[in-house]
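First the structure, in the form of structure tokens, and then the observations on it.
The values are calculated or read from the model by the stated rules, or taken from the named source; none is laboratory data. All values derive from a computational prediction rather than experimental measurement. Surface areas here come from the heavy atoms of the whole protein model, side chains and all, with no ligands, DNA or RNA. Shrake-Rupley method; radii C 1.70, N 1.55, O 1.52, S 1.80 Å.
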Amino acid sequence: MAKILELVGVLNSLLVIPCNGYSQKDFIFAFTVSGTAAIADLNVTALQGQDAKLPCSIDSLNDNITVVWMDKHDNVLYFNENRMIDDMRFAMSKLDRNWDLVIRKVDARDEGSYRCVANTVPIKLKYYQLTVFVPPKVNLETSSVDVDAPEGTSVILYCNVTGHPSPTITWSKRKAVEPKNSTNAVKLPEKGDTLVVRNVSRYSDEIYTCSASNGHGSPDHHEIRIRVRYKPEVKTMQAKVSRYQGENAELSCIISGYEKPIMYFAKDNYQVQQDITNHKKYMYNSAKLAGSHDIQMNLTVYNLQDDDFGYYRCVAVNSLDRVEKYIELKELKPQTTPSLTSTMWSNTPEIDIYSTSLSPLTDKQTRSTAEVLKPQLQDNRKNLAAAEQSTENSADERSIQFLSWFLLTVLIYTL
């Protein structure tokens, strides 16, 4: 208040007493002339947050001059070395005949015209135009955030940016699985604060980046991720898995979907639960596949028994749908090789060589017996030839077959 009264007193005195031969009317004009109506003697630029200096050098032999600084609103900022406002950012740098006005940490509101007035003869009046450059800044409160969108819809993204001069806004995108500094980012042709992404699909899980720059300060960036909601997908690694009893079996399937599905295996309308006891039967494990959002889920079934074989279902459920695929766990049976000897004799008429009857055979009986055994003998020879060509028969089996054939031949010729 004291400074204001001092200024009023000085101004009143100026209205009464001529100033160094200059009329009161001309001096009052120096205080009232509009800064915006005059051509600036000096353009000063500063980046927001930095200090700005408006130099005013007064060449006068009179050491008792009065210097006044005024802003665009005709507010008196300094009267000589006395600050007339409460804003502590404004300071006077007085050195010899220099009456420089310093504005610390300039802000956009400080931009405009300023005047330095001295009651010299003639009155000295200098105009300054202060331009404050404001680096670009994305307003996160009014810009888009991460979006969850149903598959097939369109999404509108907003990037609200401030800065002076007005920033240029460009857009780019990259896959969500790629790092932030990925060189695979794709620059989009669209410019401006709005971007429309049409017909999003489950395969376009991407991050969109708006970049704002105006040539002053560092560019500002804002990332917006579009997550596409879609029904689960299930793919089986194998439709059928075959194992013997007592072995272990692993069933695998690949699942994708957003929202992230609930995943499990089921058998006979029951969900397969992981056994955490020492005598484990089932064990789950899953892993995210590199370079994608797919998850591979595995179920290990230990020490297979009769009840373990059958059809298992790989199930995935989210808020949009429930999907399942079948995997058959089939039992392998041990294979048994039938004896060739039993095959040879299976259709041979039974002859009772231990018959109690010792009466000699008649020629008719001999011929009848030979006729019956002769076709069988030919069949046995064929079977023996086939057995000799097979590499799967052992030496013991071939010996038995040969002995059988030899005994049969002897018997026929004896008869």
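So the values come out like this:
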read-out: Exceeding the 32 Å Cα-Cα cut-off - candidates Lys175/Lys231; Lys53/Lys180; Lys53/Lys187; value: Lys53/Lys180; Lys53/Lys187
read-out: Sulfur and carbon atoms: percent of accessible area, segment 233-318 [1.4 Å]; value: 47 percent
read-out: Distance between segment 83-110 and segment 199-244 - C-alpha centres, whole angstrom; value: 52 Å
read-out: Heavy-atom accessible surface of segment 62-163: percent carbon and sulfur, 1.4 Å; value: 47 percent
read-out: Surface per residue (accessible, 1.4 Å probe) for segment 104-248, Å²; value: 54 Å²
read-out: Within segment 189-277, percent of DSSP bridges classed antiparallel, to nearest 5; value: 100 percent
read-out: In order through segment 95-109: 3J(HN,Hα) via Karplus (6.51 cos²θ - 1.76 cosθ + 1.60), integer Hz, x for Gly, Pro; value: 9, 6, 9, 9, 10, 8, 9, 10, 10, 7, 6, 4, 10, 4, 5
read-out: Segment 205-328 - percent relative contact order, Cα under 8 Å, separation 6 or more; value: 29 percent
